[in-house]
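Participant: The structure follows.
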Amino acid sequence: MLNVPMSLLTKSIRWRFVLWLAFLLTFVLAGFGITAFQLHRENRFAQLDEELKTRVSTLSAAVRTPPFAGGLLGERREPPDRGGPPQFRDGPAGPPPSGNFGPDSGPRGGPGGPDGPGGPGGPRDRPPEFDNEVRQSPLSDSVARLFDENSMNSFYFTVWSRNSGAVLRRSTNAPANVTQPLRPGRDTGVYLRTRGTVREAFHYTELGDCILAGRTIVTELAASSRFAGWLIAGGCAVLLLGLGGVWLLAGRALKPVEVISGAATRIAAGNLAERINVSETDDELGQLANTLNTTFARLETAFAQQKQFTADASHELRTPLAVMISEAQTTLARERTAADYRETVQACLDTAQQMRKLTESLLQLARFDAGQEKIRRDPLDLARVARDCVAQLHPLADARGVRINCELSPAETRGDADLLARVLTNLITNAIQHSRANGEIHLATRAHAGEASLTVADNGSGIAPEDLPHLFERFYRADKARARANGNSGLGLAICKAIVDAHGGSITAASRAGGGAEFAVRLSVQNIL
């Protein structure tokens, strides 16, 4: 990743996916790891703190217990002889009393008890060295079990005197650098502190003794370090697996895009027959590939038609130009009479008129293709337009002995009357030219099911099946020799189709069963509202 150009990182969709997922995964994994580490650490130290507090409380209870009632010794003790007869307390040793004791309180908590200030054994009757001696006595079994003095990693304790701050007791495994913590006011709660690699809990009794218990936290720190290492290793593994997975998935998802891009590049280079190989057609990219294949097919068809159109137009224009050049060269080869010159000029004029007609048709088709042909949207009746066209073409039909039978019912629609008249003129003229001598043409208009229709049928030789699909193509002639002899360019039906398509209608051609051809034009009554 370090050798990837920055432009690729910013422009590649695949790298964008990978970088975005890397950011999200890093953020999520870091948050999860930090939270898990903190919970693990707090849980381990919480357990340790509870154990420290338990040991401090046990030591505190032992220190506050009267020495002759069990105390740290776990057995009955009597105060030392101060010159008088020893005094003994009757009765079995009871459990260590609880409660707070002030400096003037008796061991039972009341000044008037048998061991109160006025009774024998009270604090005022015992010298301080007596308390120190007793508090430095061996631990009871229940207390000793809480501290393993033979292990340096076990719990240790230290007790400081309330009078001089001297160490009354300390376990043999206690560090030498343990210092007495400062007392937080008159509070007797249990507090915690950390010194380097040790964790300690301390407590000041009501009388001022300081009890501290601690233990090394090397084990906890090592466990936390191992847990952090596992978290980092696991997070890195998840990150690598996630990035590798998204890299493969993104590559697989974007593979069709690469295929589409490659096909489009080859098509742009001129290979219009190229198509996109679509393996999955149900997903979005498959649908896009199918759409592009359809578009490419249309482009190929359009380019092929344009190429054919250009070749046909060049051919059609070359023929009259060759005729004009040949006529002019023949006339200029030698001196001619005025009649010969006139005949040559007339021939050139007829050829020029044919060229003008051809170029006008080409220009009109070009305007239709570009959507620049202006079409009026006027209400009209196809029957009336048909009558006008028939009236204009009667002389041509009479010259060929063709009879036009009309069945013109009202067929209201909207459109450009002049352009639709040109369609009718082309269809009727085409029918006259292809009808038999003394034949007939049937012309009908009608309105049905929201459509205005027009049909032109002749009794000629009909249309060959192989010619039907190509009739409306530009420069296509079913009978090329006869059409060229008549001066037809092969654009009449193409112009008819362009005009009908511009009106939102349809035009079809078919061969009649009894011979001849039939053309049908259908326009919607609401086609251009």
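The values are calculated or read from the model by the stated rules, or taken from the named source; none is laboratory data. This is a predicted model, so every value here is computed, not measured. Cβ coordinates were reconstructed from backbone atoms using ideal geometry, including for glycine residues, and neighbour counts include every protein chain displayed. Note: areas computed on protein heavy atoms with side chains; ligands, DNA, RNA excluded. Shrake-Rupley method; radii C 1.70, N 1.55, O 1.52, S 1.80 Å.
Participant: Can you tally the net charge around residue 422? Count Lys and Arg as +1, Asp and Glu as -1, for every other residue whose Cβ sits under 13 Å from the Cβ of residue 422.
Facilitator: Every neighbour counted, the sum reads -3.
Participant: Solvent-accessible area of residue 326, probe 1.4 Å, all protein chains present, reported in Å² to the nearest ten, please.
Facilitator: Only protein atoms counted, so the area is about 60 Å².
Participant: If you don't mind, another one. Arrange the residues 169, 334, 356, 422 by how much accessible surface each exposes, largest first, with a 1.4 angstrom probe.
Facilitator: Solvent-accessible surface, decreasing: 334, 356, 422, 169.
Participant: Shifting gears a bit: Accessible surface of residue 388 in the full protein assembly, 1.4 angstrom probe, to the nearest 10 Å²?
Facilitator: 90
Participant: At 1.4 Å probe size, put 283, 381 in order of accessible surface, largest to smallest.
Facilitator: Final ranking, largest accessible area leading: 283, 381.
Participant: Where the centre of each part is set by its Cα atoms, how far does segment 314-356 sit from segment 225-304, in angstrom?
Facilitator: Going from one Cα centre to the other spans 63 Å.
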